[in-house]
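Notes follow once the structure below has been shown.
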Amino acid sequence: MVRTLRDLSLRLAPLLLLLAAHQAAPPAAPARENAERRAYDFSAESQLGDFEPRSGSWLVASGTLWCTSKGTHEELRWRRPLSARGSLKVTLTGAGCFALELGGGERVVALRVDRSSRRWHVEADGRPVLERAFEPPTSGPLVIALRWSPSALDVRVGDDEEVRAALPPEASAPFTTLSLVSVRSQPRLDDLTIERIATGSDATAAPGAVASEDQQIALEQAARRLEAGDAAGALERIADQLPPPRDGAATPLPPQLAHLLQRIGARDEKLREKEPLKSRYAARVVKAQDGSASLVLLFDANVQVEAVEIHRTDGRVLALESKAPA
């Protein structure tokens with residue numbers, strides 16, 4: 001019996017040590033959250049650059065964002081992608097009916113606020129989820145606050161308490177888009193604040209993007225100006241996104257930005273003689289050692305050129321090697 005108990009204790013010892021170590025181990029650290037806040041007071045027309053009119057007419061006037069048309073669904077989409085969770089706050093400065101729409105794949109969830117009827121409601125894919133009455137101030141601004149996640153919206157309208165609207169579990173894909181929608185009322189909006197929250201290393205921009213989020217938005221707007229024949233306007237739109245020179249040499253550009261800059265220079269010869277194009281064109285010129293030939297390389301070309309030593313008049317003067325494509 002003594003030997004049996006001793007053998008049993010020896011066999012249990014490793015398990016007891018493992019249990020003690022597990023109990024003594026510190027709790028796992030919570031996932032780190034990266035929060036980014038973007039605010040728009042609509043004091044300048046340039047702030048509309050972060051938005052894309054999908055329908056209707058929108059402009060900045062008297063310090064507010066105003067939908068000048070009066071349709072059933074006048075949509076202004078935020079160009080930047082949403083994170084899986086985040087918050088939003090916007091001010092309705094007068095009367096009107098408008099909506100905040102969040103989309104992800106085929107799902108669309110909307111918070112609709114109607115100051116005239118004193119009601120707000122949440123709907124998912126056109127089906128009602130929650131409806132509430134509220135008491136707006138008789139005059140002045142009405143603040144609407146929203147926190148989103150794939151499973152719920154937390155809504156606060158005016159001075160009322162925050163209310164949670166649980167979303168249908170069958171539609172749990174994270175939201176990726178945000179739109180401001182005017183509903184037959186030409187509302188004026190002010191002080192829009194959007195906070196994106198990403199957990200761990202998740203980023204709000206697409207992984208592996210060849211350009212930053214700011215550069216991507218500038219590229220889209222500049223490309224539209226170039227297609228409309230405004231090369232100078234296109235260059236002006238992306239000039240702020242060009243990295244400054246390093247050690248007197250032009251900094252390499254993301255391929256999309258380099259390609260658009262090349263198209264702008266090809267469209268307008270006068271712009272090639274001015275900065276920021278002039279120095280970039282000069283840096284892409286390669287000359288043979290005897291001056292008999294020269295090449296101007298494309299901005300987005302991954303090509304190495306060597307001015308080889310010349311030994312005969314009919315020999316090679318320049319050697320080119322393309323990295324991509326090989």
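The residue that is most open to solvent (accessible area, probe 1.4 Å), counting only those in region 77-104 that are assigned to a loop (DSSP other than H, G, I, E, B) and in contact with a Pro (Cβ under 9 Å, 6 or more places away or on another chain), is ALA95.
Listed here are the residues, each with its yes/no results for (1) without any contact (Cβ under 8 Å) to a residue 60 or more places away in the chain; (2) of a type outside the set (S, T, N, Q); (3) within 18 Å of CYS67 (Cα to Cα).
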{"site": "LEU100", "(1), (2), (3)": "no, yes, yes"}
{"site": "GLU106", "(1), (2), (3)": "yes, yes, no"}
{"site": "ARG115", "(1), (2), (3)": "yes, yes, yes"}
{"site": "PRO128", "(1), (2), (3)": "yes, yes, no"}
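Per this entry, LEU189 is counted among residues that are at pLDDT 95 or above and open to solvent by less than 50 Å² (accessible area, probe 1.4 Å). Number of residues in region 58-76 that are open to solvent by less than 50 Å² (accessible area, probe 1.4 Å) and either without any contact (Cβ under 8 Å) to a residue 60 or more places away in the chain or of a type outside the set (Gly, Ala, Ser) (or both) equals 10. For region 39-46, the condition holds for at least one residue, the condition being that it is open to solvent by 70 Å² or more (accessible area, probe 1.4 Å), under 24 Å from GLY158 (Cα atoms) and either of a type outside the set (D, E, K, R) or modelled with pLDDT under 95 (or both). So in region 274-326, with the set limited to residues that are in a loop (DSSP other than H, G, I, E, B) and among the basic types (Lys, Arg), which one is surrounded by the most Cβ atoms within 10 Å (Cβ to Cβ)? Here the residue is ARG284. Scanning region 264-273 for residues that are out of contact with any helix residue (DSSP H, G or I) (no Cβ under 6 Å at 6 or more places or on another chain) and either among the aliphatic types (A, V, I, L, M) or surrounded by 14 or more Cβ atoms within 10 Å (Cβ to Cβ) (or both) yields one hit, ALA266. In region 206-223, the residue that is surrounded by the most Cβ atoms within 10 Å (Cβ to Cβ) out of those that are in contact with a helix residue (DSSP H, G or I) (Cβ under 9 Å, 6 or more places away or on another chain) and at pLDDT below 85 is ALA211. When ALA133, ALA198 are checked against the criterion of being touching a residue at least 24 places away in the same chain (Cβ under 8 Å) and small (Gly, Ala, Ser), ALA198 stands alone in meeting it. Reported count of residues in region 224-245, each being outside any loop (DSSP other than H, G, I, E, B), crowded, with 18+ Cβ neighbours inside 10 Å and aliphatic (A, V, I, L, M), is 5.
The values are calculated or read from the model by the stated rules, or taken from the named source; none is laboratory data. None of these values were measured; they are calculated from a predicted model. All Cβ positions, glycine included, derive from the backbone under ideal geometry; neighbour counts span all protein chains shown. Ligands, DNA and RNA are excluded from the accessible area calculation, which covers all protein heavy atoms including side chains. Shrake-Rupley method; radii C 1.70, N 1.55, O 1.52, S 1.80 Å.
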